[in-house]
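These notes are about the structure you will find just below.
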Amino acid sequence: MEFYASTDFEEYPLPPRVFFTPHHGSASDPQQVHISIAGIDRIRVTWITDDKTVPSTVEYGTEPGTYLAKATGDNNSSYKFLPYTSGSIHHVSTGPLEPNTTYYYRCGGHGPEFSFKTPPSTLPLEIAIVGDLGQSDWTKSTLQGLGSKDYDLLLLPGDLSYANNRQPLWDSFGRLVEPVASRRPWMVTQGNHDMESYLVDEAESFMAYNARWLMPHKQSGSTSNLYYSFDVAGGVHIIMLGSCTEFELGSDQYKWLVADLDAIDRKATPWVIVSVHMPWYNTNYGHQGDGEGMRLAMEELLYRARVDVVFAGHVHAYERFVSLY
């Protein structure tokens, strides 16, 4: 298994130069297109339109311009935050799909054709990991690097857009990553810069994140989009934990993690990977102890399950450790 890792190197609150990518095209055209794994043989396509009458449909096939299949999602939705109102957000799950296959697709019957490649059903598997992506010169170079790699899926352990309540930054981030995120599954978890913070209550603190970046939490038995798991490549189980929601003993996330780990058959699943935003160990001067509460609550669970590797973001410096068991 191969991993490509990257992290932004600027600290707070946004890197110095932000790319505001405008939307060009009609109100019916898809924008901010990205895909994610929605099941062992399913890919979810997510996009936004300014026109609220566009249907949540995806036409797709294995030949350019030839769409022999069509999938329909739930009614499109939007959200409001203070004076901001989002466009219509569409989520459509396609499949069943063949592994390691390129599909061509069109969103809502309008606009350009996109393509994605499904992950393989067996190892080897190539995973890209990017932390604290943001919208900066470093983001641009990171995306260029990703575009040059033929990886199978991407893990992003939190701090996607660095919106920090500024909702238009979610739109500019979606447009910025679309050329890459529309081609390979992006599996994300939340970070502290993804929340609407003190302005709303806890239940709505990730309003934009939850609306825009729907992950397969229901498929993994989770009741929250902030933590979930999924299987890939016929032997890899990936757990995306939530640093910024309750994780203490007795919390919903804790109980879900116990059940998820207990259900893993290590003979059939030789790799178990965990991703979390705030690292549990960190020798950098920044963010000392930010993940300590979660470590105290959950580390023993990962030890007992013999998790192979944990990826984290939050600290904007690359660091790695040898096996601790």
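Only one entry in VAL92, VAL177 is over 25 Å from ALA312 (Cβ atoms), at pLDDT 95 or above, touching a strand residue (DSSP E or B) at 6+ places or on another chain (Cβ under 8 Å) and of a type in the set (Val, Ile, Thr), namely VAL92.
For TRP170, are the conditions met, namely being touching a Phe, Trp or Tyr at 6+ places or on another chain (Cβ under 9 Å), open to solvent by 10 Å² or more (accessible area, probe 1.4 Å), part of a helix (DSSP H, G or I) and not polar (S, T, N, Q)? When the stated conditions are applied, TRP170 does not pass them. Screening ALA163 on (1) surrounded by fewer than 21 Cβ atoms within 10 Å (Cβ to Cβ); (2) in contact with a His (Cβ under 9 Å, 6 or more places away or on another chain); (3) without any contact (Cβ under 8 Å) to a residue 60 or more places away in the chain shows it passes everything except condition (1). Selection within segment 42-77: residues that are among the polar types (S, T, N, Q), under 24 Å from THR118 (Cβ atoms) and free of Cβ contacts under 8 Å to residues at least 40 places away in the same chain. The member of this set that is least open to solvent (accessible area, probe 1.4 Å) is THR66. Of the residues making up segment 112-151, those that are free of Cβ contacts under 8 Å to residues at least 24 places away in the same chain and either surrounded by 14 or more Cβ atoms within 10 Å (Cβ to Cβ) or not in a loop (DSSP other than H, G, I, E, B) (or both) are SER141, GLN144.
The strands (runs of 3 or more DSSP E) found entirely in segment 23-103 that carry 2 or more residues being closer than 25 Å to ILE239 by Cβ are 31-39, 42-49, 88-94.
None of ALA305, ALA312 is in contact with a helix residue (DSSP H, G or I) (Cβ under 7 Å, 6 or more places away or on another chain), open to solvent by 10 Å² or more (accessible area, probe 1.4 Å) and of a type outside the set (Ser, Thr, Tyr) except ALA305. Among the residues in segment 287-295, are any farther than 27 Å from THR118 by Cα and open to solvent by less than 20 Å² (accessible area, probe 1.4 Å)? Looking through segment 287-295, at least one residue is farther than 27 Å from THR118 by Cα and open to solvent by less than 20 Å² (accessible area, probe 1.4 Å).
Scanning segment 291-313 for residues that are β-branched (Val, Ile, Thr) and within 15 Å of ASP265 (Cα to Cα) yields a total of 1. Collect the residues in segment 219-253 that are over 21 Å from MET195 (Cα atoms) and open to solvent by 30 Å² or more (accessible area, probe 1.4 Å), keeping them in residue-number order. Hits for segment 219-253 are GLN219, GLY221, ASP231, GLY234, LEU249, GLY250.
For segment 162-173, does any single residue satisfy the condition of being small (Gly, Ala, Ser), over 12 Å from the mean Cα position of the chain (by Cα) and modelled with pLDDT of 95 or more? Yes: segment 162-173 contains one or more residues that are small (Gly, Ala, Ser), over 12 Å from the mean Cα position of the chain (by Cα) and modelled with pLDDT of 95 or more.
Testing SER275 on (1) out of contact with any helix residue (DSSP H, G or I) (no Cβ under 6 Å at 6 or more places or on another chain); (2) without any contact (Cβ under 8 Å) to a residue 60 or more places away in the chain; (3) among the small types (Gly, Ala, Ser), one condition comes back false. Which one is that? Unmet condition: (2).
The values are calculated or read from the model by the stated rules, or taken from the named source; none is laboratory data. Predicted, not measured: the structure shown is a model, and the values here were computed from it. Backbone-built Cβ (ideal geometry, glycine too); neighbour counts: all protein chains shown. Areas reflect the complete protein model, heavy atoms only, side chains present, ligands, DNA and RNA absent. Shrake-Rupley method; radii C 1.70, N 1.55, O 1.52, S 1.80 Å.
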